[in-house]
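Take a look at the structure set out below.
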Amino acid sequence: MLDRDLAAEVLAAARRNGGDFAEVFVEERSSTSIRLDDAHVEELTTGLDRGAGVRVCHGTTYGYAYSNRLDRDSLLEAAAAASAALAGDASGPVVDLTERVGPGTNRAERPAGELDAATKVGWLREVDDVARSVSPEVAQVTGIYFDSLQRRLIATSDGRWIREDRPRIRMVAQVVAKRGDVIQTGWHGPAACAGVEFLDLHTPGETGRRAAERAVTMLDSIPAPAGEMAVVVANGCGGVLFHEAVGHPLEADAVDKEASVYRGLVGTQCSSELINGVDDATIANGWGSFDFDDEGTSSQRTVLFTDGVLQGYLQDRMRAARMGAETTGNARRESYAYPPIVRMTNTNILPGAADPAQIIRDTASGIYVRGLGGGQVNPATGDFVFGVSEGYLIEGGTVTTPVRGANLIGRAIDVMSAVDAVGTDFETWEGVCGKDGQGAPVGSGSPTLRISRITVGGTGV
Amino acid sequence: MSDLGDLVRAAVSVAGGGEQVEAYAEEQRETEVSAHRGEVEGMKFAESRGIGVRVIRDDRLGYAWAADPSEEEARDAVRRARENALLAEPDAFNGLPAATDIEAMPELFREQSAAIPVDDKVQLALDLERYTVSRDPRVTKVDLAQVGDAVSRVAIASTEGVDLEYARTDAWVVAVTLAVQEGETQTGFSFAITRGLDQLTWEPIADEAVDRAVQMLGAEKPATAKVPIILDPFAASNFLGVLAGALNADNVLKGRSLFADMVGRQVGSDAFTLIDDGRRADGPGACPFDGEGVPSGRTELFTAGVLNGFLHSTYTARRSGGGQRSTGNGKRSGYKATPGVGASNFFVEAGTMPFEGLLAEAEGGVLIMDVSGVHSGANPISGEFSVGATGRRIGPAGALGEPLREMTIASTLPEMLQGVRAVGSDLRFFSSVGTPSISIGEMTLAGV
C-alpha cells in the first residue's frame with residue numbers, strides 16, 4: 001500500500017511544526033453487501049475503498065487530513081494540511097520504522113472474500129425461508145449479509161510500522177409480523193471479526209428464526225407499564241446497558257473535558273459490589289477486537305470495575321499523556337476518513353454466582369428484558385435511555401405477558417449501584433456504536449442481571 | 001484528475017446493448033475546526049471523491065462503487081456492477097428515470113463561502129468558544145465548540161440521457177456547553193446550518209447553548225402522570241426522522257409502515273401539515289435534483305391532518321402503479337449506496353402562534369426540550385415510541401417552572417399526530433428536518 005521510505009517522508013513532513021507525535025493510517029477495504037428484501041435479492045453491492053489519513057498531535061490539539069489518493073504528492077499535501085494545526089517553530093524527529101507483529105486476534109479460517117456471491121445469496125435465502133416458516137403471521141423478512149476485509153497500515157513518528165488485516169462478517173435478519181392492525185418487529189444480527197466459519201456457530205437459519213420468533217411473540221404484547229420497578233435484564237442485554245450507561249462516561253475524552261459523571265471517582269465504590277467489568281479488545285474474533293488500535297497501541301484487556309470499585313478510564317495516547325496515565329489501546333476510527341477517538345472495544349460485565357432462573361423466581365413483580373434496541377447516554381450527566389425491543393412482565397416470580405413500547409431510563413451511577421443479582425450465564429451482543437459522527441463495531445456482554453429499581457417508560461399508568 | 005462529468009460519462013460510455021447504466025459521482029472538500037480551553041482542539045480536512053454505478057440488465061440490478069477512481073476504474077465499476085446484476089433477481093420495476101428538464105439552483109453554491117481561508121475558520125472556532133464560556137458564571141466549559149464547512153459537487157449520467165451536475169456549499173456551527181452548580185453538571189446544545197460561514201450569525205447559537213444548559217440545573221425526576229406536552233423544535237425534530245421512515249414508499253410497499261393503508265384519511269389533527277420541499281432554497285436539504293437525476297419537488301404529505309401520500313423514488317413509483325411518479329426523493333447517502341427513498345427539506349408547516357402563546361395555553365403541562373434514544377425507542381413500523389426526555393414544567397400564564405430529567409414520554413405516532421393542538425410560528429431547520437414548537441394533548445410521562 002505504501003513503502004516504508006515514503007511513510008517516513010510523510011511523517012517527517014507532518015512533523016514540520018513539531019508536536020508530540022504524528023501518524024499515518026492507510027487503509028484498503030473491500031466489501032460485499034447483499035440485501036434480500038420482500039423475498040427478493042434486491043441489492044448486491046461490492047465496494048473498494050482506500051485512502052490515507054495523517055494526524056499530528058500536540059497536547060490535546062490535533063490536525064487531521066486525509067486523501068483517497070496514495071501517491072506521494074497527495075500524502076505530502078495531507079501532511080502539510082494536518083501540520084498547520086500546530087504553531088511550533090521546530091520540526092520533530094521520526095524514529096526508524098520497525099515492524100511490530102501482533103498475535104493474530106482476528107484470524108479468518110475461511111476468508112469470506114474467497115467465496116462467490118451465489119453462496120452468500122444462498123445463506124440469505126435460508127434466513128428468509130426459516131423466518132417465514134416460523135409462523136404464517138410473519139409478513140416481511142429482510143436479510144442483510146455483509147463481509148469486508150480491511151487491510152490497515154499504521155506508521156508512527158515513534159517508529160511503529162504495523163500491518164493488520166481485519167475480516168468482518170455479519171448476518172442480520174429483520175422480521176415484521178402482522179395480525180390484523182397490529183404490527184411488530186424482531187431483529188437478530190450476530191457478527192464477528194472472522195471468516196465464514198462464524199456462520200457454522202450462528203447459522204443463517206438460526207438468525208432468521210430468532211428474529212421471527214421475537215416479532216411473532218410481540219404480537220401478543222400489551223402496552224408496557226410506566227414507573228419505577230425491578231427489572232431483570234437477560235444475558236447479553238446487560239452488556240449493552242453497561243456499554244452505554246457506564247462505558248461512554250469512562251472514555252477519557254469525556255473525563256478530560258469534565259463531561260463525565262465518573263470524573264474523580266477512580267478507587268471509589270460507584271457501582272454494586274457484584275459488578276466486575278472489563279473492556280477487552282483481545283477476545284479472539286470478537287466484533288470489537290484487534291491486535292493494535294488505530295494509533296498503533298497493542299490491544300489489551302482493561303479492568304474497569306473490581307467488585308464495584310472503579311479502576312480507571314479508557315485512554316488513547318493524547319488523553320493518557322495529559323492525564324498522566326498509560327494508553328489502554330482504545331483509539332479507534334471508522335475509517336481513514338476520520339481521526340481516531342477514544343472508544344470501547346468489547347465491553348463486558350463478568351459472570352457472577354447467581355442462578356439466572358432463581359433471579360427471576362426471586363422477583364415478585366417487574367419487567368424481564370430480553371432484547372434491547374440500543375440506547376443513548378449523556379456522559380456529563382449520566383442520564384441514559386434504552387429502548388426495550390423484547391420485554392415481558394414478571395408476576396410472582398414468573399415471566400408472563402410480553403410488553404411493548406417500553407424504555408429504561410436512569411442515571412448511570414444510581415442504576416449500576418442498584419444491581420442486586422448477577423447470574424452465571426454470560427452472553428454477548430454485537431452492535432455499531434455511534435460517537436462524534438463515527439460508527440464503530442463494538443461487542444458487549446453480560447450475564448443475567450437484576451436492577452432492584454429503575455424507571456420503565458411505558459404508556460400504562 | 002478527471003472532471004466529475006467526464007468520469008460519469010466515461011462509465012456510461014461502456015454500457016452494453018440492452019442494458020441501462022447510470023453513474024453517480026460526488027466530490028467533497030470539508031473543513032472542521034473545534035476549540036477547547038482557548039486552543040484549537042482539532043482541525044480536520046477531508047477531501048473525498050467517488051463513483052457509484054447502477055447497471056440494470058434483464059430487470060436485474062447490480063451496483064458497484066469505487067473511491068477516487070480513474071476513468072479506467074470507473075469503467076471497471078460498470079463491469080463489476082454488471083456481474084453483480086447477474087446474481088440479483090429480476091424485478092420488473094427496476095428502471096432508470098428518463099432525462100427531464102431541471103431548473104438549476106445556483107443559489108446553493110456561494111463562491112465567497114468556498115473561498116474562506118482556514119485561518120478565518122480557526123479564529124471563528126476560537127471566538128465561538130471564548131464567547132460561549134463568557135456568558136454565565138456557571139458555564140465555564142464547553143464540551144464542543146465547532147465550526148465547519150463543505151464544498152460539494154455531484155454529477156450523474158445515464159444511458160437514458162441524464163447528464164447533470166450541481167455544486168453546493170454548506171456551513172455549520174455547533175456548541176455544547178457544560179453548566180456546573182453545586183456538583184451537578186448539565187449540558188446544553190445548539191446548532192445552526194447555512195450556505196456559508198460568511199452568512200452565519202453564531203452568537204445566538206452560543207447564547208442558546210448556554211441558556212439550555214443553565215435552565216436544566218437542579219432538574220428532578222417527576223412523578224409518573226398523563227400531562228399536556230409541548231415539544232420545542234429541538235425535541236420535535238427528533239420525531240421527524242421517524243415520520244420520514246414511515247412515509248417512505250419503500251417501507252410502505254414492503255409492509256413496514258403503519259401508514260400503509262391510511263391515504264386519504266384524517267390521521268392527524270387539522271393543525272398538522274407536513275411537507276417535503278427540495279426546492280426550498282433556505283433549507284439545508286435543498287437540491288435541484290435527487291440521487292437519480294429526477295427534479296426535486298414539493299410534496300405535501302399531510303394537509304391539515306389528512307395523509308395525501310408518500311415519498312417516492314423512481315423504483316417505488318413504478319412499483320406503486322396507478323400513475324404514481326417519483327417525487328424526486330431518490331436519495332443517496334453517498335456514492336457507496338444505491339438510491340433509496342429519503343427526505344429533502346422535510347418540515348412541519350409553521351402556524352401563527354408564537355412559542356409563548358403555546359405555553360400560555362398549556363398550564364400544568366410539560367415543555368419537552370430534548371429527547372433521547374429515538375433510534376432505539378421509536379418504532380417507525382409499529383408507530384410506538386417511548387423515549388427519554390428532559391424539559392420544564394409549565395406554570396400559570398405559560399411561565400416555565402422547575403426543570404425535569406430522567407423521565408420518558410411514550411405514545412404512538414397516530415395518537416401524537418391526532419393530539420396536535422397547535423403548532424408555533426417558530427419553524428427552525430435542523431439539518432434536513434425542520435419544525436416549529438408543537439403543542440400536543442396528553443402523553444404519558446414516566447418518572448418515579
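Only residues that are at the interface with another protein chain (Cβ under 8 Å from one of its Cβ atoms) and surrounded by fewer than 24 Cβ atoms within 10 Å (Cβ to Cβ): list them for the range A:354-374, please.
A:Gly373, A:Gly374 - these are the residues of the range A:354-374 that are at the interface with another protein chain (Cβ under 8 Å from one of its Cβ atoms) and surrounded by fewer than 24 Cβ atoms within 10 Å (Cβ to Cβ).
Restricting to the range A:23-53, give me the number of residues that are within 30 Å of A:Ala81 (Cβ to Cβ) and among the hydroxyl-bearing types (Ser, Thr, Tyr).
2
Among the residues of the range A:85-118, what is the count of those that are in contact with an Asp or Glu (Cβ under 9 Å, 6 or more places away or on another chain), in a loop (DSSP other than H, G, I, E, B) and within 14 Å of chain B (Cβ to nearest Cβ)?
Counting residues in the range A:85-118 that are in contact with an Asp or Glu (Cβ under 9 Å, 6 or more places away or on another chain), in a loop (DSSP other than H, G, I, E, B) and within 14 Å of chain B (Cβ to nearest Cβ) gives 1.
List the number of the failed condition for B:Asn94; all other conditions in (1) out of contact with any Ser or Thr (no Cβ under 6 Å at 6 or more places or on another chain); (2) at the interface with chain A (Cβ under 9 Å from one of its Cβ atoms) hold.
Here B:Asn94 meets the rest and fails (2).
Taking the options B:Ala192, B:Ala167, B:Ala219, B:Ala171, name whichever one is in contact with a Ser or Thr (Cβ under 9 Å, 6 or more places away or on another chain) and more than 20 Å from B:Ala286 (Cα to Cα).
B:Ala219
Being free of Cβ contacts under 8 Å to residues at least 40 places away in the same chain and within 20 Å of A:Glu9 (Cα to Cα) narrows it down to one of A:Glu42, A:Glu27, A:Glu77, A:Glu23, so name that one.
The unique qualifying residue is A:Glu77.
Restricting to the range B:384-394, count the residues that are over 14 Å from B:Gly241 (Cβ atoms) and either at the interface with chain A (Cβ under 8 Å from one of its Cβ atoms) or part of a loop (DSSP other than H, G, I, E, B) (or both).
4
Taking B:Ala397, is it away from chain A (no Cβ under 13 Å), farther than 14 Å from B:Val366 by Cβ and in a strand (DSSP E or B)?
No: the conditions fail for B:Ala397.
Can we say B:Glu30 is crowded, with 16+ Cβ neighbours inside 10 Å, farther than 18 Å from A:Thr32 by Cα, at pLDDT below 95 and at the interface with another protein chain (Cβ under 9 Å from one of its Cβ atoms)?
no
Condition first: buried (at least 20 other Cβ atoms within 10 Å of the Cβ), at pLDDT 95 or above, of a type outside the set (Ser, Thr, Tyr) and part of a strand (DSSP E or B). Can you find one or more residues in the range B:188-199 that meet it?
Yes - at least one qualifying residue is present in the range B:188-199.
Search the range B:327-383 for residues being in a loop (DSSP other than H, G, I, E, B) and among the basic types (Lys, Arg), and hand back the single one that is farthest from the other protein chains (Cβ to nearest Cβ).
My answer is B:Arg332.
Kindly establish whether A:Val138 is more than 9 Å from chain B (Cβ to nearest Cβ), touching a residue at least 12 places away in the same chain (Cβ under 8 Å) and farther than 25 Å from A:Gly288 by Cα.
Yes, satisfied.
In the range A:51-79, which residues are closer than 22 Å to B:Ala64 by Cβ, of a type in the set (D, E, K, R) and surrounded by 20 or more Cβ atoms within 10 Å (Cβ to Cβ)?
Selection gives nothing.
Across the range A:423-461, what is the total count of residues that are hydroxyl-bearing (Ser, Thr, Tyr), over 18 Å from A:Ala281 (Cα atoms) and surrounded by 17 or more Cβ atoms within 10 Å (Cβ to Cβ)?
4
For the range A:349-364, state whether one or more residues are touching a helix residue (DSSP H, G or I) at 6+ places or on another chain (Cβ under 7 Å) and assigned to a strand (DSSP E or B).
There is at least one residue in the range A:349-364 that is touching a helix residue (DSSP H, G or I) at 6+ places or on another chain (Cβ under 7 Å) and assigned to a strand (DSSP E or B).
Quick check on this structure: which one of B:Asp68, B:Asp76, B:Asp58 is facing another protein chain (nearest Cβ under 8 Å) and among the acidic types (Asp, Glu)?
B:Asp68 is the lone residue from the list that is facing another protein chain (nearest Cβ under 8 Å) and among the acidic types (Asp, Glu).
Which one of B:Gly342, B:Gly328, B:Gly334 is crowded, with 19+ Cβ neighbours inside 10 Å, on the phi > 0 side of the Ramachandran plot and within 21 Å of the chain's Cα centre (by Cα)?
B:Gly328
Checking the structure you have, find out if any residue of the range B:35-49 is more than 30 Å from B:Leu128 (Cα to Cα) and within 11 Å of chain A (Cβ to nearest Cβ).
Yes; the residues of the range B:35-49 include at least one that is more than 30 Å from B:Leu128 (Cα to Cα) and within 11 Å of chain A (Cβ to nearest Cβ).
What is the residue count in the range B:140-173 for residues that are more than 30 Å from A:Asp256 (Cα to Cα) and in a strand (DSSP E or B)?
16
From the list A:Thr297, A:Thr345, which residue is without any contact (Cβ under 8 Å) to a residue 60 or more places away in the chain, buried (at least 18 other Cβ atoms within 10 Å of the Cβ) and on the phi < 0 side of the Ramachandran plot?
A:Thr297
Inside the range A:171-248, counting only helices (runs of 4 or more DSSP H) that do not spill past its ends, which hold 1 or more residues that are within 29 Å of B:Gly383 (Cβ to Cβ)?
Ranges flagged: A:204-218, A:237-241.
The values are calculated or read from the model by the stated rules, or taken from the named source; none is laboratory data. Since this is a predicted model, take the numbers as computed values, not measurements. We place every Cβ from the backbone using ideal geometry, glycine too, and count neighbours over all the protein chains shown.
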